[in-house]
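Laboratory data are not the source of any read-out in this text; all were calculated from the coordinates shown. The structure presented is a predicted model; accordingly, all values stated were derived computationally and were not measured. When we count neighbours, we look across all protein chains shown, and the Cβ atoms used for this are built from the backbone with ideal geometry, even at glycine.
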Amino acid sequence: MPLQIANTTRRTIDERRLGHAVLTVFREEGRPAGSVDAVYCGSRMIRRINREFLQHDYATDTITFRYDEGGEIEGEFYICLDVIAGNARRFGTTFDDELMRVTIHSALHLVGYDDGSPKERAEMTRLEDLYLGKVRGSLDKRSIRRNTW
């Protein structure tokens, strides 16, 4: 399977919706998935990854590793559900909406988008909003079969 989703926490997440969102971004951006791992984890795991690979000693919402240089997407991303919950409260949104936004954000990183500058961040936010709308619209029109990716 080109997309593998793992939830290492006790929190329930809708893997079908999240997988649909990731693959929607890839499809709309014209990039097929080769091998992508999506890991939803807790603060300890993401903090360890952040320390080991980025030399940052704190938990963050997402860390993305892109391995390809074009063609099929190869990579992995980690999303911290603890940070997502805190950010949802901070931004006045639901956990599910914040989780979907960060999942789309991670997929955009795998496609090749960056957010290092204010201009790049604005473009990623625009694309997050665009894909949130597309995913919500497609989910309202049809049901997603289990593990369609």
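Structure values in brief
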| item | result |
| --- | --- |
| The chain, dipole about Cα centre (Lys/Arg Cβ +1, Asp/Glu Cβ -1), debye to the nearest 20 | 640 |
| Computed [θ] at 222 nm, helices only, for the chain once each DSSP H run of length n ≥ 4 contributes -39500 (n - 2.57) | -17500 deg cm²/dmol |
| Ranked Val83, Val36, criterion: other C-beta atoms within 10 Å, fewest first | Val83, Val36 |
| Spin-label proximity, Thr94 to the range 1-39 - amide N less than 18 Å from point 7 Å beyond Cα toward beta carbon | 11-22 |
| In Hz, Karplus ³J(HN,Hα) per residue of the range 97-110 (6.51, -1.76, 1.60; θ = phi - 60°; x = Gly, Pro) | 5, 5, 5, 5, 4, 5, 5, 4, 4, 5, 4, 5, 4, 5 |
| When the range 3-141 is reduced to its Cα atoms, the Kirkwood hydrodynamic radius in Å | 15.2 |
| √(5λ) per eigenvalue of the Cα gyration tensor, the range 40-91, largest first, Å | 23, 14, 8 |
| Cα-Cα pairs of the range 8-50 separated by more than 16 Å (percent) | 50 |
